[in-house]
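Structure first, then comments.
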Amino acid sequence: MDRSGVITSRSAAETRAVGRSLGRAATPGTLLALTGPLGAGKTQLAKGVAEGLGVRSVVNSPTFILMNEHDGRLRLFHADAYRLGEPEEALAAGLLDERQAAGVTVVEWADRLEGWLPHDRLEIVIALEPSDARSRTLRWQAHGEAATSLAADALGAST
């Protein structure tokens, strides 16, 4: 059963804390599909996931190289679909492959891969708050059993 919810973040540190909780609760095969405008906080959330996984390397947006890999408790695959023209380019570039089943994948600009992502995923749409430049609204939707379990463990969503 799919679940959804809303989280308000009042700072980059709070957004990273949400990511850290997700990273700590992540299991092999976890896929986080992030969307939102430029500057919304997708990379801040990804940095938090990395912290939760115990990644020690620097995590930056992989916009120009499409995907970075980081070692942690589970391997982190941090992908950015911003520069892709068509979803098929993600497959050709190796952004979505069997290696990710043993790790955690965070995809920024995931809406550009619509129809190509696996069903079992946690989608997070990050929106800017017009009344407060530092605040963000994180609307999440868990699709599939593993993502629903992740949401329950990391976001406090009842299953």
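Restricting attention to segment 128-141, does a residue exist that is in a loop (DSSP other than H, G, I, E, B), touching a helix residue (DSSP H, G or I) at 6+ places or on another chain (Cβ under 8 Å) and surrounded by 19 or more Cβ atoms within 10 Å (Cβ to Cβ)?
Checked segment 128-141: no residue is in a loop (DSSP other than H, G, I, E, B), touching a helix residue (DSSP H, G or I) at 6+ places or on another chain (Cβ under 8 Å) and surrounded by 19 or more Cβ atoms within 10 Å (Cβ to Cβ).
Consider only pairs whose beta carbons are under 9 Å apart and that are at least six residues apart or on different chains; among these, list those whose first residue lies in segment 20-46 and is closer than 16 Å to ALA152 by Cβ and whose second residue is of a type in the set (Lys, Arg) and surrounded by fewer than 24 Cβ atoms within 10 Å (Cβ to Cβ).
So the pair list comes out as GLY23/ARG73; ARG24/ARG73; ALA26/ARG73; THR30/ARG121; LEU32/ARG121.
In segment 9-46, which residues are in contact with a helix residue (DSSP H, G or I) (Cβ under 9 Å, 6 or more places away or on another chain), surrounded by fewer than 20 Cβ atoms within 10 Å (Cβ to Cβ) and hydrophobic (A, V, I, L, M, F, W, C)?
Listed by number, the residues that qualify are ALA12, ALA13, ALA17, ALA25.
So, LEU95, is that one touching an Asp or Glu at 6+ places or on another chain (Cβ under 9 Å), surrounded by fewer than 18 Cβ atoms within 10 Å (Cβ to Cβ) and modelled with pLDDT under 85 or not?
In short, no.
When only residues in segment 114-127 that are open to solvent by 60 Å² or more (accessible area, probe 1.4 Å) and at pLDDT 90 or above count, which is farthest from SER21 (Cα to Cα)?
In this case the residue turns out to be HIS119.
The values are calculated or read from the model by the stated rules, or taken from the named source; none is laboratory data. Quick caveat: nothing in here was measured; it's all calculated off a predicted structure. Cβ atoms come from the backbone with ideal geometry, glycine included; neighbour counts cover every protein chain shown. Each accessible area value is taken on the protein alone, full model and side chains, heavy atoms only, with ligands, DNA and RNA left out. Shrake-Rupley method; radii C 1.70, N 1.55, O 1.52, S 1.80 Å.
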